[in-house]
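Only one structure is covered here, and it is reproduced in the block below.
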Amino acid sequence: MAKIFGDTEIDIVTVSKELRNGGIVAVPTETVYGLACDALNENSCKKIFEIKERPFIDPLIIHVLDISAAKDLAYFNDIAEKLAEKFWPGPLTIVLQKNPLVSNIITANRNTVAIRSPSHPLLRKLLAQSKIPLAAPSANPFGYISPTSANHVQDSLGDKIDYIIDGGECEIGLESTIIDLSDESFPTLLRTGSISTKEISKCINLPIIEIDTKNNLVAEGAPAPGLLKNHYSPHTPLILLDFNLPCQKKIDEQDAVVLFNKSNKQAISDHKNLFWLTEKGDLSEAAHNLYNLLRNLDNKNFNKIFFEKVPNSDLGKAINDRLEKAQNS
Ligand code: AMP
Ligand code: MG
């Protein structure tokens, strides 16, 4: 089992030393828990891939305290500067041309690097204390549901790592929005998240190119790195449904049904194993609860999980994207 640390000064100092010495530590962020190491230490970065069983073709995001620290790792352009000023610290990852000192392990041999400045106060303390950039993918085995609490990390990786910092439940609960700005003329959305394309577009006064994540292709047909079709998946088969349409699937007693909000949908209102993401239909609450609910259901012995699509507006798009990728049947 990993040792759990909190937010006392001695905890922060101890964990910072561990990171500076090449150690691996699970850390809280406002999006999901990350598995962090010194981004400039190649061996530690390799270990992260091994612990997660993550393929080396899937690049890591580097977490920094501020824009100035990001500029040591990547070449900023005007729109990157604008977006970082508006949305950092926060859940926006920016992909830019990399500085040669960033290892090819992190970038999966690309000439670009993904960077963000997180807002979680505990992680910020750790970045300030350690004075190093932290490479940190989500702290889960590759392909499984991302962790949104220290317990989730302990459950899935506790026997493979030594340290977890407990910063409470992740406020947002979904991975960051990723925008590729490596070519200033073509800002491209690589992953949906809680910051919408509308907000990004408004800030830089440019349209955003959206990748077809379902077919895993960018506009010109090249595969997008890391945008794998199946991801975030529970072991129990998950099936997305639209309960406003006549239900085509047979739902058994041994199946769980998850609705967007607590409501009386005629077709399944008397189903025994009925759950919902949010009491009153709040998308932020739904995102916050999503991975915890998926993990809880996956630990019960349901045959299948039937999941209702959420309304497909801003944050709803990001939730539906994760649910589509979680469909493993
Ligand atoms: P995560 O699994 O949450 O750590 O997110 C990592 C994701 O960021 C990858 O799967 C890629 O989709 C994206 N990413 C990271 N680095 C790059 C990069 N250099 N170019 C494009 N996408 C990247
Ligand atoms: Mg991940």
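Just to be sure before I move on: is T31 touching a residue at least 40 places away in the same chain (Cβ under 8 Å), within 14 Å of I179 (Cα to Cα), in the same structural domain as T188 (by TED's automatic domain parsing) and among the hydroxyl-bearing types (S, T, Y) in the structure I sent?
No.
The sole residue among L127, L65 that is in the same structural domain as G193 (by TED's automatic domain parsing), at pLDDT 95 or above and part of a loop (DSSP other than H, G, I, E, B) is L65. Using the structure shown, decide if Q154 is at pLDDT 95 or above and part of a strand (DSSP E or B). When the stated conditions are applied, Q154 does not pass them. Check whether at least one residue in the stretch 113-120 is in a loop (DSSP other than H, G, I, E, B), away from ligand 1 (no atom under 15 Å from the Cβ) and touching a residue at least 60 places away in the same chain (Cβ under 8 Å), and report yes or no. Yes, the stretch 113-120 has at least one match.
When K71, K47, K86, K3 are checked against the criterion of being of a type in the set (D, E, K, R) and within 20 Å of the chain's Cα centre (by Cα), a single residue qualifies: K47.
Checking the structure you have, find out if any residue of the stretch 175-182 is farther than 19 Å from P89 by Cβ and of a type outside the set (A, V, I, L, M). Within the stretch 175-182 (the criterion being farther than 19 Å from P89 by Cβ and of a type outside the set (A, V, I, L, M)), the answer is yes, since at least one residue qualifies.
Are any of the residues in the stretch 2-12 of a type in the set (G, A, S) and not in a loop (DSSP other than H, G, I, E, B)?
No, because not a single residue in the stretch 2-12 is of a type in the set (G, A, S) and not in a loop (DSSP other than H, G, I, E, B).
The residue pairs whose first member lies in the stretch 179-200 and is surrounded by fewer than 18 Cβ atoms within 10 Å (Cβ to Cβ), whose second member is part of a loop (DSSP other than H, G, I, E, B), and whose beta carbons are closer than 7 Å, counting only pairs six or more residues apart or on different chains, are E184/N77.
For the stretch 33-53, check the following and say yes or no: at least one residue is in a strand (DSSP E or B), touching a strand residue (DSSP E or B) at 6+ places or on another chain (Cβ under 6 Å) and within 12 Å of ligand 2 (Cβ to nearest atom). Yes, some residue in the stretch 33-53 is in a strand (DSSP E or B), touching a strand residue (DSSP E or B) at 6+ places or on another chain (Cβ under 6 Å) and within 12 Å of ligand 2 (Cβ to nearest atom). The listed residues are D321, D270, and the only one of them that is at pLDDT below 95 and either assigned to a loop (DSSP other than H, G, I, E, B) or of a type in the set (V, I, T) (or both) turns out to be D270.
N301 fulfils the conditions (1) within 21 Å of G143 (Cα to Cα); (2) at pLDDT below 95; (3) under 20 Å from the mean Cα position of the chain (by Cα) except for a single criterion, (3). Which of the residues that make up the stretch 58-80 are away from ligand 1 (no atom under 16 Å from the Cβ), surrounded by 15 or more Cβ atoms within 10 Å (Cβ to Cβ) and not β-branched (V, I, T)? Within the stretch 58-80, L65, A69, K71 qualify.
Of the residues making up the stretch 138-159, those that are buried (at least 24 other Cβ atoms within 10 Å of the Cβ) and within 10 Å of ligand 2 (Cβ to nearest atom) are S138, A139, N140, I145, S146, P147.
In the stretch 169-203, of all residues being aliphatic (A, V, I, L, M) and over 12 Å from the mean Cα position of the chain (by Cα), the one that is nearest to A286 (Cα to Cα) corresponds to I195. Does N312 count as within 26 Å of L190 (Cβ to Cβ), surrounded by fewer than 16 Cβ atoms within 10 Å (Cβ to Cβ) and at pLDDT 90 or above? Spelling it out, N312 is indeed within 26 Å of L190 (Cβ to Cβ), surrounded by fewer than 16 Cβ atoms within 10 Å (Cβ to Cβ) and at pLDDT 90 or above.
The values are calculated or read from the model by the stated rules, or taken from the named source; none is laboratory data. On a predicted model such as this, the values are computed, not experimentally measured, just so you know. Using ideal geometry, Cβ is built from the backbone for each residue, glycine included, and neighbour counts are taken over all protein chains shown.
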